[in-house]
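Take a look at the structure below.
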Amino acid sequence: MTHKTHHIKSLFKSSEVVQSMGEYIPNGEKGKATYGPFILEVKDKAEMDNFTVTTVDLACKNKPHCFLFQKKQAPRTLKRFEFKSWPQNLAVPDSPASVLHLMDAVLAWQRQTKNPPIVVHCMNGAERSGLFCTICHVIDRLKIQQEVHLMETVMLLKAIRQQLVHSEEQYVFCHEAIRGFLDEFNTYSNFT
C-alpha cells in the first residue's frame with residue numbers, strides 16, 4: 001500500500017467488515033483508536049445517498065520511528081468513501097448511477113489533495129474492487145483518448161488478477177456504467 005494516499009475507497013458496508021475481519025476506522029461520529037504506532041481520529045462523518053464519507057486524521061505517536069511522517073509533519077487527513085449501494089449477496093451494485101456518483105466524489109477529493117493515489121478495497125480484493133477500478137480506468141482512457149476499450153481493459157486487468165470482472169453480469173454492468181457516463185454529455189469532447 002502506498003503511504004502517500006489521502007483516500008480509502010471501501011466497496012462494502014462497515015457491518016460486513018466487522019462480521020468477518022474487524023473494523024479499522026473508529027466507530028461513531030467521533031472517536032479515536034490506536035493501531036501500533038498509528039493514531040486514527042474520526043473528525044467527521046457525512047451520509048450521502050449511496051455512500052458515507054468518513055474524514056479521519058492519521059498521526060504517528062512515535063514520529064522518529066514512523067516511516068509515514070517527517071519529524072514535524074502534521075497528521076494526514078484521509079477520507080474513507082464507504083459504498084452502501086451494493087447488497088452483499090449480489091454481483092453488481094444497485095445502479096450504474098450510484099457508482100458514477102461515488103466515482104465523482106472520490107475524484108473531486110483526489111483533485112483537492114493534489115492527486116495522490118487512491119486505495120480501493122473490498123472483502124476479497126477482486127470482485128467489487130475490480131468492477132470499480134475497471135469502470136474508472138475505462139472512463140479515464142475515454143477522457144484522454146475519446147475511445148472506449150472495455151474488453152481490452154478487462155483483459156489487461158484480468159491478466160494481473162484473474163478474479164476481476166468475473167461474470168457476464170459484471171461485464172454488462174461496466175458497459176451500462178460507461179454508457180451512463182457518456183449519456184451525461186452532449187458530445188464526446190465535452191469532458192470535465
Next on the checklist: Given points 7 Å out from each Cα along the Cα-Cβ axis, report the Met123 to Arg161 separation in nanometres with one decimal.
Outcome noted: 1.6
Checklist entry - Quick one: Cα convex hull volume of the range 124-192, Å³ per residue? => result 80
Item to check | Stretchable slack from Gln145 to Asn115, in nm (0.36 nm times residue separation minus alpha-carbon distance) | outcome: 8.8 nm
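Every read-out reported here was derived from the displayed coordinates using simple, explicitly stated rules and does not represent laboratory data. Note that the structure is a prediction, hence the values are computed from the model and not measured. FYI the Cβ positions are ideal-geometry reconstructions off the backbone, even for glycines, and counts take in every protein chain you see.
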